[in-house]
Amino acid sequence: MPVVLWSDRLVFLLVAGIVAYFWYVRRRPHLLVPWRRVAHSAYGMSSLAVLVVFVAIGILDSVHYQPALERKGDEGVAYSTEVLSVFDTIASPLRAHRERTYSAPFATRAFARETLETPGPDGKLRQVREFPRLAWGGAHLKDEADRGRDVLGRAAVGLALAALIWGALAAAVVVSLARSARRGAFDAWRGIWRGENLVPWRAIMLTAATLLVLAGPTLLLCAHYHVLGTDKVGRDVLYLVLKSIRTGLVIGTVTTLFVLPFAIALGIMAGYFRGLVDDVIQFFYTTINSIPAVLLIAASILMAQVYIDRHPSFAPTSAERADLRLLVLCAILGFTGWIGLARLLRGESLKLRELEYIQAAQAFGVRHARIIARHILPNVMHIVLISLVMDFSGLVLAEAVLSYVGVGVDPSMISFGTMINQARLEMSREPAVWWALAAAFVFMFVLVLAANLFADAVRDAFDPRVKMGGVVPA
């Protein structure tokens, strides 16, 4: 049975908005030129390729449903209270292959010794302390000494599969470029390799090759081994970090839905009307900015938790309760994070209202709402776009910090912050359990780095000073 969480609605609303925006842009050359500049940036397109992979995982994890239970006799269909996603179904081996406790990456035995009963020389059972064999990790091996050979063999097959997929992608790109330029396939490939195209296909293909080299062996190995180990309760760490991607993306994107109304409306009104309106709006956001954000977030999360506990019918399942707390976090981050963008829009609106064409519109008696909608808003949208793209990585890091201190997402929701929070005590063990913390850090670092690089490309493309400094190719 399909289940649509509130965060799912907002995610697909954002996807629809992005699609509608680019459909609008493609019909207007003056808006299409900056995006062509982004498409001509090597690091921008490489980071976009990485972000596409993260976004694809996040979207698959945003399609939820309740699985049907087995029917007994003539009883109607009953559904489980557990809410799963399409990604959970695809990654079912990772989700279902749980151990009892910690195990290191590619291990065949548990990380800690346990008391086991084994038959002695006289046939009687005796208790010994040793590392027990894992239920899933390397369970297909008859001899544990063959683990290295098996891992290398499966990794080699994964690399060969990745090479085939990359070859198919490269062939499709070469054929497409050869047809569009009306030249031979060899010349098209040589142009890609030498970087002669406006679109940096060489950088894109190298990024795709890197992703496939990492994904190919991982996909073949994760069904038989815990590639990144397991956590305290035996969950696969690779599954946890992949599930954390959706939480980070929701925090970084859905928060914009709460930021935009406050920032755009109040920022433009303060700059355009000035006077008393400007003073009131500045007093409002200065007051909000004086409140410590962590205290405001903690109080909001606590009130939301109390409301959910008193109204269990409002969020009957654990997934809905965790999703509601996630939305509260997005809302409060948006309520406290719109001030910087509003100040930028206020300054830009102060400058735009003094231009001749706006003063002419005012002299002809054009209504203020029409002037703002037709002249002010389109000319500040580049600031809005740059600010939102650059704030994405900051919001992802904010979730990690807030969850680490216990005022972020629900503890039952998997995120980078909750993984880091749970791993901090594991680092004090002897020997240390390092893989959960390392996996969360690496995946979050790659996501934030790709977002920052893409934000730099967007900023350079939409910066008027950069556009005046060079010729933009059509």
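The values are calculated or read from the model by the stated rules, or taken from the named source; none is laboratory data. This structure is a prediction, so every number in the text was calculated from the model and none was measured. Cβ sites come from the backbone with ideal geometry, for glycine too, and all protein chains shown count toward neighbours. When the accessible area is computed, the model is the full protein with side chains, heavy atoms only, and any ligands, DNA or RNA have been set aside. Shrake-Rupley method; radii C 1.70, N 1.55, O 1.52, S 1.80 Å.
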For this session: Let me know the number of lysine pairs in the chain closer than 30 Å at the Cα, not counting same-chain pairs under 8 apart.
Result: 4
For this session: Compute the longest continuous run of the chain that contains no exposed trypsin sites (Lys or Arg not before Pro); treat a site as exposed when its DSSP state is not H, G, I, E or B and it has at most 11 other Cβ atoms within 10 Å.
Result: 183-366
Exercise. Counting Lys and Arg as +1 and Asp and Glu as -1, each charge on the Cβ, what is the dipole of the chain about the Cα centre in debye, to the nearest 20?
Worked result: 1320
Problem set entry | Coil-residue chymotrypsin sites (Phe, Trp or Tyr not before Pro) of the stretch 360-405, DSSP, other Cβ within 10 Å capped at 12 | F364
Exercise. Over the chain, what percent of the accessible surface lies on carbon and sulfur atoms, probe 1.4 Å?
Worked result: 66
Problem set entry | GluC sites (Glu not before Pro), loop per DSSP, at most 13 other Cβ atoms within 10 Å - longest free stretch of the chain | 197-353
Problem set entry | Helical contribution to [θ] at 222 nm, DSSP H n ≥ 4, -39,500 (n - 2.57), averaged over the chain, rounded to 500 | -22500 deg cm²/dmol
For this session: Return one number: the angle in degrees, 0 to 90 and rounded to the nearest 10, between the long axis of the Cα atoms of helix 377-405 and the longest principal axis of the Cα atoms of the chain.
Result: 30
For this session: Give me the Debye-computed log₁₀ of I(q)/I(0) at q = 0.25, 0.27 Å⁻¹ for the stretch 295-361, equal point scatterers on Cα only, no solvent, two decimals.
Result: -1.02, -1.08
Exercise. Sequence-distant or interchain residues sharing an amide H contact under 5 Å with V3, placed H: which?
Worked result: H64, Y65, Q66
Exercise. What full-extension length gain, to one decimal in nm, is calculated for H311 and V15 as 0.36 nm per residue of separation minus the Cα-Cα distance?
Worked result: 103.4 nm
Problem set entry | Rounded accessible area per residue of the chain, 1.4 Å, Å² | 54
Seminar exercise, completed: Helix 42-60 sits off the longest principal axis of the Cα atoms of the chain, rounded to the nearest 10 on a 0 to 90 degree scale, by 60
Exercise. If Lys and Arg each add +1 and Asp and Glu each add -1, what is the summed charge of the other residues whose beta carbon sits under 12 Å from the beta carbon of V173?
Worked result: +2
For this session: State the three equivalent ellipsoid semi-axes of the stretch 1-119, derived from the C-alpha gyration tensor as the square roots of 5 times its eigenvalues, in descending order and whole Å.
Result: 43, 27, 9
Exercise. How much accessible surface does L206 have with a 1.4 Å probe, in Å² rounded to 10?
Worked result: 90
Exercise. So what J values fall out for the stretch 146-156 if you push phi through Karplus, 6.51 cos²θ - 1.76 cosθ + 1.60 with θ = phi - 60°, rounded to Hz, Gly and Pro as x?
Worked result: 8, 4, x, 5, 5, 5, 5, x, 5, 5, 5
Problem set entry | Karplus-derived HN-Hα couplings along the stretch 248-255 (A = 6.51, B = -1.76, C = 1.60, θ = phi - 60°), whole Hz, x at Gly and Pro | x, 5, 5, 4, x, 10, 5, 4
Exercise. What length, rounded to one decimal in nm, is gained on full extension from V405 through to L141, with 0.36 nm per residue of separation minus their alpha-carbon distance?
Worked result: 90.9 nm
Problem set entry | Of S176, L152, V128, farthest towards positive along the dipole that unit charges on Lys, Arg, Asp, Glu beta carbons give the stretch 115-207 | S176
Problem set entry | For the stretch 228-239, 3J(HN,Hα) per residue [Karplus equation, 6.51 cos²θ - 1.76 cosθ + 1.60, θ = phi - 60°, Hz, x = Gly/Pro] | 10, x, 10, 9, 4, 9, x, 7, 5, 5, 4, 5
